[in-house]
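Peer 1: After the structure tokens below, expect a handful of questions from me.
The values are calculated or read from the model by the stated rules, or taken from the named source; none is laboratory data. The shown structure was predicted, so the numbers you read here are calculated from the model rather than taken from an experiment. Positions of Cβ are backbone-derived with ideal geometry, glycine not excepted, and every protein chain shown enters the neighbour counts.
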Amino acid sequence: MQDLDAVIDMSLEPRRINLTGCMRWLNDAWSLFVVHGLTWATMFWLMFLLVLFCMVIPLLGMASSILNVVLFAGLITSIDAARRGEKLELGGLFSGFKRNFGELLLTAVLILAVSICTLFILLAITVAIGSPYLLMIAKGQLTPELIKTPEFAAGLLAVVLACGLVMQLVNSAFMYAPMLVVLRGVKAMDAMKLSVLACCRNILPFSLLAVLCIPVLVLVSLTFGLVLLVLMPYAALVSYTSFIDIFGEEN
């Protein structure tokens, strides 16, 4: 089998970050949030509301995924400029419509298409592994005793792990793709490949970051979700600082 590095022969190589590199991402994101937090959070939630508005309108539902990518690109472009000393302004949220819009549009269409395909793949996995139990449910033969058996537990675990793996691969393809398109001028398909490679190379810091997020769930429950008003914009900043660390500064 060919090595993944050989398959993707590109000049923009994602770096391998050590295990504790995620702490640097968190620290850098907090430094940006302290300076630009109010404006950044306002831009983030404005993006959220605009995308949500499109989602609840039947004729605009499909367009919401495209709008999400373009607005997110504008969000990232704005904070990138602010990190370089420029002023962070609300209007920057819409800069994705002016900067590399064609490739951003293609990226959004690919995300939508792959997301739809992923749903069918997950359904196929569920049917393939869980078909015996689905038939039992249809016939009313799934008893509490059967649910407690090791075979049922193993089948359920297999479905969860297989679906989780597929979803993780899909998410890794989109994590950095919009940023690569708008900040580095990479083509949509190449951006998705590079995004997967970056995530594969940095499984360790991403895993540690996920573990560090577990206590945050307690904070979310204690504040009845209100802390998400800060945490979600901050998380978006962490994705940006990790991108800068992994792909380096623009040449």
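Peer 1: Out of everything in the range 206-251 that is among the polar types (S, T, N, Q) and loosely packed, with under 14 Cβ neighbours inside 10 Å, what residue ends up being nearest to the chain's Cα centre (by Cα)? Can you show your working first?
Peer 2: Restricting attention to the range 206-251, the residues satisfying the condition of being among the polar types (S, T, N, Q) are 207, 221, 223, 239, 241-242, 251.
Next, only the ones that are loosely packed, with under 14 Cβ neighbours inside 10 Å stay: 207, 221, 223, 251.
Numbers: Ser207: 14, Ser221: 23, Thr223: 25, Asn251: 25 Å.
The selected residue is Ser207.
Peer 1: Of the residues in the range 39-68, how many are part of a helix (DSSP H, G or I), β-branched (Val, Ile, Thr) and without any contact (Cβ under 8 Å) to a residue 12 or more places away in the chain?
Peer 2: Residues of the range 39-68 part of a helix (DSSP H, G or I): 39-56, 58-60, 63-68.
Next, only the ones that are β-branched (Val, Ile, Thr) stay: 39, 42, 51, 56, 66.
Subsequent filtering for residues that are without any contact (Cβ under 8 Å) to a residue 12 or more places away in the chain retains 56.
Selection size over the range 39-68: 1.
Peer 1: Residue under question is Val56, and the condition is that it be closer than 28 Å to Val211 by Cβ and out of contact with any helix residue (DSSP H, G or I) (no Cβ under 8 Å at 6 or more places or on another chain); does it hold?
Peer 2: On the way: closer than 28 Å to Val211 by Cβ: no; out of contact with any helix residue (DSSP H, G or I) (no Cβ under 8 Å at 6 or more places or on another chain): yes.
Criteria not met by Val56.
Peer 1: Going through Leu169, Leu183, Leu209, Leu204 one at a time, which residue ends up being touching a helix residue (DSSP H, G or I) at 6+ places or on another chain (Cβ under 8 Å), modelled with pLDDT of 90 or more and over 22 Å from Gly102 (Cα atoms)?
Peer 2: Checking each option against the conditions leaves just Leu209.
Peer 1: Please count how many residues of the range 89-123 are among the charged types (D, E, K, R), at pLDDT below 90 and under 19 Å from Ser195 (Cβ atoms).
Peer 2: Count: 1.
Peer 1: Given the condition among the aliphatic types (A, V, I, L, M), at pLDDT below 85 and assigned to a loop (DSSP other than H, G, I, E, B), answer yes or no: does some residue in the range 16-38 qualify? Quick ask: steps written out before the conclusion?
Peer 2: Going through the range 16-38, the residues among the aliphatic types (A, V, I, L, M) turn out to be 17, 19, 23, 26, 29, 32, 34-35, 38.
Then drop every residue that is not at pLDDT below 85, which leaves none.
Among the residues of the range 16-38, not one is among the aliphatic types (A, V, I, L, M), at pLDDT below 85 and assigned to a loop (DSSP other than H, G, I, E, B), which makes the answer no.
Peer 1: Restricting to the range 75-97, and then to whatever is within 16 Å of Met47 (Cβ to Cβ), free of Cβ contacts under 8 Å to residues at least 60 places away in the same chain and not hydrophobic (A, V, I, L, M, F, W, C), can you tell me which residue is surrounded by the most Cβ atoms within 10 Å (Cβ to Cβ)?
Peer 2: Top of the filtered list is Ser78.
Peer 1: Also, I was wondering about something else. Hey, does the range 173-181 have a residue that's assigned to a helix (DSSP H, G or I) and over 13 Å from the mean Cα position of the chain (by Cα)?
Peer 2: Checked against the condition, which is being assigned to a helix (DSSP H, G or I) and over 13 Å from the mean Cα position of the chain (by Cα), the range 173-181 yields at least one hit.
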